[in-house]
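The values are calculated or read from the model by the stated rules, or taken from the named source; none is laboratory data. The model shown is predicted, which means the values in this text are computed figures rather than measured ones. Virtual Cβ from ideal backbone geometry, glycine too; neighbours counted across all protein chains shown. When the accessible area is computed, the model is the full protein with side chains, heavy atoms only, and any ligands, DNA or RNA have been set aside. Shrake-Rupley method; radii C 1.70, N 1.55, O 1.52, S 1.80 Å.
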Amino acid sequence: MAGGAIASNGASMAYAHLLDPNRKWYNNKRLIYLNLWILLLLITSSTNGYDGSMMNGLQSITQWDDYFGRPRGGMLGLLNAIQNIGCLLAYPISPYIADGLGRRPAVFLGASIMVVATAIQTAATSVGMFIGARFLIGFGLTFAAGAAPMLVTEISYPLYRAPLTSTYNSLWYSGAIIAAWSTFGSFKIQSTWAWRLPSVLQGLPSVLQVVLIWFAPESPRWLVSKGRDEQALKTLAHYHADGNENDPLVQYQYEEIKAAIELDRRVEHLVGWKTLFATPGNRKRMTIIIALAFFSQWSGNGLVSYYLKKVFDTIGITDPTIQLLINGILQIWNLAWALLASSLVDKLGRRLLFLTSVAGMLVFFSLQTACSATFAKTGSEGAAHSVIAFIFLFYASYDLAFTPLIVSYTLEILPYQLRAKGFTIFNFAISLSLIFNQYVNPIALDAIGWKYYIVYVVWLAFEGVFLYFTVIETKNRTLEETAALFDGEDAAAVLAATALKEEKDKDSSSASLEEKASA
């Protein structure tokens, strides 16, 4: 097989000449407002990141450990995995809420459930109550995390769509930072508030969304799909062209959205879950999407994300203060690399970032494994410190692609009618991989220690081969053109040509009316 599919850029800049070079995110009032609404959606990922890092930190807080009977092995795995079990039960419902009621109602529903769940978690008086609250957090998160990134990618100004959608998953680390440092700051409290305080903070992003989400714009693509074309056009014009509905960029986007949805509507009665695998293009989409979901959790990162304490224990670092401090610094490091990669997705391209990322992970995880083995055999303090250094370098590599791109790439390669269902499959696959990680990792680490790392070294090599032959470059295309790539280059060209034709027809019609008026 050849060295992977790389799409040509023939139609990639079909709309570039329509962009106003003077309209930037920092000097246009309405773009600033739009990006503030997008920020409200992006913090959904922060909630998710907070949860993982908080559970990591709580394991180092003796007040939490003692209060819940020192959970180990299967019980510790359940405490981490129960959130994803809650996600699994909501997945069959969430796409119908997002497609039927709209993106905003889905975010509101999810945030409301999470507010209630974090209150129960904070007030927990037994391990069963704590587990039940975490189940509800996962259940609510599915609705919000399913709709929020779709709304981001569907309302963003075209020039900033890829960086903003990539920032969604990158902000997982913003939540992780707050959780890591809140547990570091609270673990010396000599009461149950050592762990209740971080739990209270987990609900703040959801409270903001419950209060503000109805003021944010709804997806123009969803509005067109529901026959509310006029409202969709006004939304595009308001945020992308200062209210000018005749702006060429607005008209191009509007006509392309209508053309794409009309194309999908012709076969809408056939669109169901089976459609995701019904055509060669869709099968290729789903193969990549499901693979990325599993790769994002099975690259060795799950060991550090949820069981950093156990990793530290294997190299002799047992002081809770040191463990929490390294965890807090690591999350800041991760956020910096992920945001840097998000800003480069259109400059460097998705394919280069994916391949560079997996190559770096393979190298640094292999070195981490070697140093862990050296410490196990010799007790060398230098080997232990090297493990920490390679953890940081491993995450820098991971953050080049698997933090910013897995969500944005998944959303952009799915056509509108399949976007909610396809994204649900993606999240479902992530939950399955996480449940496996959260149950198996602590048991395997207890049983064989550093030798368990070898499994991930082999798996990372497989990931590199898979990505080399499957990832298609999608940079500098509109959302509709990108989604059409998997159905053949002609499909993307047809959408671009349709939008340009409609734009030219309207320009000709306007010119004709002006001539008649002047005559």
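Of the residues making up segment 82-100, those that are over 12 Å from Gly146 (Cβ atoms) and surrounded by fewer than 22 Cβ atoms within 10 Å (Cβ to Cβ) are Ile82, Ile85, Leu88, Leu89, Gly100.
Within segment 339-394, the set of residues being more than 27 Å from the chain's Cα centre (by Cα) and closer than 23 Å to Leu171 by Cα is empty. The number of residues in segment 260-275 that are under 17 Å from Leu414 (Cβ atoms), assigned to a helix (DSSP H, G or I) and either at pLDDT 85 or above or not small (Gly, Ala, Ser) (or both) comes to 9.
This table checks each residue for (1) surrounded by 18 or more Cβ atoms within 10 Å (Cβ to Cβ); (2) assigned to a helix (DSSP H, G or I); (3) touching a Phe, Trp or Tyr at 6+ places or on another chain (Cβ under 8 Å); (4) of a type in the set (Phe, Trp, Tyr).
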| residue | (1), (2), (3), (4) |
| --- | --- |
| Leu292 | yes, yes, yes, no |
| Leu303 | yes, yes, yes, no |
| Thr318 | no, no, yes, no |
| Gln331 | yes, yes, yes, no |
| Leu352 | no, yes, no, no |
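Taken residue by residue, segment 430-451 has no member that is under 19 Å from the mean Cα position of the chain (by Cα), open to solvent by less than 40 Å² (accessible area, probe 1.4 Å) and modelled with pLDDT of 90 or more.
The conditions of being out of contact with any Asp or Glu (no Cβ under 7 Å at 6 or more places or on another chain), surrounded by 22 or more Cβ atoms within 10 Å (Cβ to Cβ) and not in a helix (DSSP H, G or I) are met by Ser60.
When the helices (runs of 4 or more DSSP H) confined to segment 168-252 are screened for residues that are β-branched (Val, Ile, Thr), under 24 Å from the mean Cα position of the chain (by Cα) and surrounded by fewer than 22 Cβ atoms within 10 Å (Cβ to Cβ), those reaching at least 1 such residues are found at 193-202, 204-212. Looking across segment 308-338, the residues that are within 24 Å of Lys451 (Cβ to Cβ), hydrophobic (A, V, I, L, M, F, W, C) and under 26 Å from the mean Cα position of the chain (by Cα) come down to Leu308, Val311, Ile326, Leu330. Of the residues making up segment 397-420, at least one is open to solvent by 10 Å² or more (accessible area, probe 1.4 Å), in contact with an Asp or Glu (Cβ under 8 Å, 6 or more places away or on another chain) and among the polar types (S, T, N, Q).
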